[in-house]
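Scroll down for the structure; my scribbles are underneath it.
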Number of protein chains: 2
Amino acid sequence: MFVPRDIQTAARAVVVSLTIALTPAVALAQSDPLPSWNDTAPKAAIVEFVEKVSKEGSPDFVPEPERIAVFDNDGTLWVEHPMYVQLAFALDRVKAEAPSHPEWATTQPFQAVLEGDMKALAAAGEKGLVELIMATHAGMTVTQFQTIVTDWIANARDPRFKKPYTELVYQPMLELLAYLRANGFKTFIVSGGGVEFMRPWTEKVYGVPPEQVVGSSIKTKFAMKDGAPTLFRLPEVNFIDDKAGKPVGIQEHIGRKPIAAFGNSDGDLEMLQWTTLADGLQFGLIVHHTDAEREYAYDRKSEFGHLDLALDAAAINKWTIVDMKADWKQIFPGN
Amino acid sequence: MFVPRDIQTAARAVVVSLTIALTPAVALAQSDPLPSWNDTAPKAAIVEFVEKVSKEGSPDFVPEPERIAVFDNDGTLWVEHPMYVQLAFALDRVKAEAPSHPEWATTQPFQAVLEGDMKALAAAGEKGLVELIMATHAGMTVTQFQTIVTDWIANARDPRFKKPYTELVYQPMLELLAYLRANGFKTFIVSGGGVEFMRPWTEKVYGVPPEQVVGSSIKTKFAMKDGAPTLFRLPEVNFIDDKAGKPVGIQEHIGRKPIAAFGNSDGDLEMLQWTTLADGLQFGLIVHHTDAEREYAYDRKSEFGHLDLALDAAAINKWTIVDMKADWKQIFPGN
């Protein structure tokens, strides 16, 4: 067969570059996408599910646009003990803003925060908590709040691990997010936490862009101020994305049912029900905090990340339960 | 140079298939991405903007994840005369449901709809309209409503053009959506219309998936019914995504500022302000309905798609105004 020399050379170059281009892809496909997961049942269940829904011709095949996965944040993607990170943020903000609010020195629940009186703070209950949130999360523009969160998250340190909170995310879950995305899933966060508290850092930390974060919110108001458009944050609850609110938030925001849901507490029960109790193949998973040494151990009696009804429901509905101690080789990145 | 014969053959196959594979791409790149737009100022402005923000190294370069474009729907992407399509849907639903509601025969505004008495319907005002919407859009599950919309949109016909409404979308805007996406933009719909009225068909018609549709909504409630999770639609307004609500909806849903906004009425004014009045390069565009022959001609005095303040603001803020008659070669697909 005659092949002109320049075609030969060009062709060889193509073959060589194709070989080079394909090698990492092949290597990647062969390597373990979930290296921080032990080879126990949860990992096998995840891989089996992903392969079934993403393999064309499989009876459980799901077209790519419908591969929606939803993740709770607190306790599922990052630490939520000794308290929700957003609560630590609110307490820090009270301290930072106290000089402009001399009345807080003698007004609960602010006084409790400033004096570090956790008993008085607990006594203020949910009403007190809402007051703290409104005082620290409203009264500024959306842009100003983003700056406040960005600064805080860069500088705050967890009291036990002495690290930024964004480093106290779960390495196995980061791998899971990436593994799902590599298999055509769109990953969303669906959290009881404030949506604008998460958005400034979720893209960098989880690879989840702002438009794929669903969370609780306060009301905002648009106005032109001196010719500039502003969105002002009002001290009024808009939406609580927790418990029965999660399916509502999912529908409002995503507009279709997820096929995989990942949570760790009773706040995720309805999201798991909404996702998994339907025709077709779905996947539900609960992260069970069982590792007091490397992280924390808590469930039915815990205030933050209370896991009771959802743990019972997991057994009934065949949701995968991750035993952090047994199933995770590594907890945090870089350890 | 020695090249073994099997490698030669393989290489030639690769070159041939690459050539075949690349040819359409090259042809596409060289062909006009906006063939239904005349070579007038709006087309030039669009192309200039897209090239500036998507060309790496350009002083106006915007990273891909931040290339967010928002589109109004009624009057911007599809027809809104002689009435909003969703209103035609509501009227049809009243007629379809009338047998189950004998009381409607003597109750306004239902009686007006059933008797085709548009004067009495207009007299019922906004209160009457809300009653119609609630009676036809609530009282069923989200899934049931999706089925109702899907059936209706497949069978309803526009009274003037005798075509399904999904064929009365603007061909130049379909090209624009595709052109933006081909240049790394994520395209969102931000409409005053009901979000669940749009989601069943926007992916197929506009290439915009449900999670990228922002709209008005009624409240929903999650409950387990006989072991099955349901989201029930309640007759209560949740959010009005119009006028000053549009920037609010954009922030709640997308979480970052768009860099391009496309509208056609005063309902889009605040969305255009929010998008374009900021640092950096942005693009604002208003579709001006000027073609009574091929579509409709209306602006300052129209009830549907009222365009008055936003038309004045366009001149001040240098937003691009599309004169449908002069700037669009073709209005609808397939003409």
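When you restrict to C-alpha pairs under 8 Å that are six or more residues apart and normalise by the size of segment A:187-254, the relative contact order lands at 33 percent.
Taking the alpha carbon gyration tensor of segment A:178-268, multiplying each eigenvalue by 5 and rooting it gives semi-axes of 27, 17, 11 Å, largest first. So what's the angle, to the nearest 10 degrees on a 0 to 90 scale, between helix A:195-206 and the longest Cα principal axis of chain A? Between helix and principal axis, roughly 30 degrees. Shielding value for B:220-231 is 5, the average number of Cβ atoms from other chains within 10 Å of each residue's Cβ. Contact order, relative form, for segment B:216-255: 37 percent (alpha carbon pairs under 8 Å, 6 or more residues apart, mean separation divided by residue count). Placing a label point 7 Å from the Cα of B:Phe304 along the Cα-to-Cβ direction, the distances to the matching points in the other copies come to 5.4 nm, shortest first. Net charge near A:His289: determine it from the other residues with C-beta under 10 Å of the C-beta of A:His289, scoring Lys and Arg +1 and Asp and Glu -1. Net charge around A:His289: -4. Placing unit charges on the Cβ atoms only, positive for Lys and Arg and negative for Asp and Glu, gives chain B a dipole magnitude near 740 debye about its Cα centre.
To the nearest 20 debye, what is the magnitude of the charge dipole of segment B:124-211 about its Cα centre, counting +1 on the Cβ of each Lys and Arg and -1 on the Cβ of each Asp and Glu? Present the calculation step by step, with values, prior to reporting the outcome.
Numbers: 9 positive and 9 negative charges, 46 e Å.
Result for segment B:124-211 is approximately 220 debye, rounded to the nearest 20.
Take every residue in peptide B:248-259, count the Cβ atoms of other chains within 10 Å of its Cβ, and give the average of those counts.
The per-residue average across the peptide is 6.
Considering chain A, its Cα convex hull presents a mean projected area of 24.1 nm². The alpha carbons of segment A:102-145 occupy a box of 34, 23, 13 Å along the principal axes, longest dimension given first.
Starting from the label point of A:Asn317 at 7 Å along Cα→Cβ, the same points in the other copies fall at 4.4 nm, in ascending order.
Computed from Cα atoms, the angle from the helix A:5-30 axis to the main principal axis of chain A rounds to 50 degrees.
Using alpha carbons only, the radius of gyration of segment B:54-151 set against its Kirkwood radius gives Rg/Rh = 1.23. Look at where the Cα atoms of segment A:147-224 and of segment A:237-277 average out, and the two centres are 17 Å apart. Look at the dipole of segment A:156-304 built from charges on Cβ: of A:Gln212, A:Ala182, A:Phe222, the Cα furthest out on the positive end belongs to A:Phe222. For segment B:255-326, the C-alpha radius of gyration divided by 2.2 N^0.38 Å, with N the number of residues, is 1.12.
So for segment B:29-82, Kirkwood radius off the Cα pairs, Stokes-Einstein at 10 °C and 1.306 mPa s: how many µm² s⁻¹?
Working: Rh = 13.5 Å.
It comes out at roughly 118 µm²/s.
Between B:Thr150, B:Pro333, B:Gly139, the Cα set farthest toward the positive side of the dipole of the protein assembly as shown (charges on each charged residue's Cβ, about the Cα centre) is that of B:Pro333.
Place the label 7 angstrom along Cα→C-beta at B:Glu97 and in each other copy, then list the distances from the first to the rest in nm, shortest first. Between copies, matching label points for B:Glu97 lie 4.4 nm apart. Calculated mean residue ellipticity, 222 nm, chain A: -13500 deg cm²/dmol, from DSSP H runs (n ≥ 4) at -39500 (n - 2.57) each, averaged per residue and rounded to 500.
Normalised by 2.2 N^0.38 Å, where N counts its residues, the alpha-carbon radius of gyration of segment B:71-224 equals 1.11. Within segment A:107-181, the proportion of C-alpha pairs whose separation exceeds 22 Å stands at 51%.
Plugging the Kirkwood radius over Cα pairs into Stokes-Einstein for segment A:177-335, at a temperature of 20 °C and a viscosity of 1.002 mPa s, what D comes out in µm²/s?
On the way: Rh = 17.3 Å.
Using the Kirkwood radius from Cα pairs, D works out to 124 µm²/s.
Of all the C-alpha pairs in segment A:296-335, what % are more than 11 Å from each other? Of all Cα-Cα pairs in segment A:296-335, 71 percent lie more than 11 Å apart. Ranked from largest, the principal axis spans of the Cα set of segment B:137-234 equal 47, 36, 22 Å.
Shown here is the pair-distance distribution of segment B:148-195: with all Cα-Cα distances grouped in 10 Å bins from zero up to the longest one, the shares run 21, 38, 34, 7 percent.
Mind checking Rg over Rh on the protein assembly as shown, alpha carbons, Kirkwood formula for Rh?
A ratio of 1.00.
Compute the acute angle (0 to 90°) between the alpha-carbon long axis of helix B:41-54 and the principal axis of greatest extent of the alpha-carbon atoms of chain B; round to the nearest 10°. So the helix axis and the longest Cα principal axis differ by about 60 degrees.
Suppose we flag trypsin sites (Lys or Arg not before Pro) only when DSSP calls them loop and at most 11 other Cβ atoms lie within 10 Å. Which is the longest uninterrupted stretch of chain B?
Working: sites that count: B:Lys162, B:Arg300, B:Lys301, B:Lys318.
Looking at chain B, B:1-161 is the longest stretch - no exposed trypsin sites (Lys or Arg not before Pro) with at most 11 other Cβ atoms within 10 Å.
Mean-square fluctuations from a GNM of chain A, with a 10 angstrom spring cutoff on Cα atoms, peak among A:Ile153, A:Ile316, A:Ile189 at A:Ile316.
Can you run the Rg to Rh ratio on segment A:220-267? Use alpha carbon positions and the Kirkwood inverse-distance Rh. Could you put the intermediate results ahead of the total?
Numbers: Rg = 16.0 Å, Rh = 13.6 Å.
Across segment A:220-267, the Cα-based Rg/Rh ratio is 1.18.
Look at the dipole of chain A built from charges on Cβ: of A:Gly245, A:Phe49, A:Pro82, the Cα furthest out on the positive end belongs to A:Phe49. Taking all Cα pairs closer than 8 Å and separated by 6 or more residues, the relative contact order of chain B comes to 21 percent. Build a GNM of chain B with springs between Cα atoms under 10 Å apart, and of B:Gln111, B:Gln212, B:Gln146 the one that fluctuates most is B:Gln111.
Straight Cα distances below 15 angstrom link A:Lys225 to the aspartates and glutamates B:Glu270, with same-chain residues fewer than 8 positions distant left out.
For chain B, a Gaussian network of Cα nodes joined below 10 Å ranks B:Ser54, B:Ser216, B:Ser36 by mean-square fluctuation, and the top entry is B:Ser54.
FYI, it's all coordinate maths here, none of it is from the lab. Everything numeric in this text was worked out from a predicted model, so none of it was measured. FYI the Cβ positions are ideal-geometry reconstructions off the backbone, even for glycines, and counts take in every protein chain you see.
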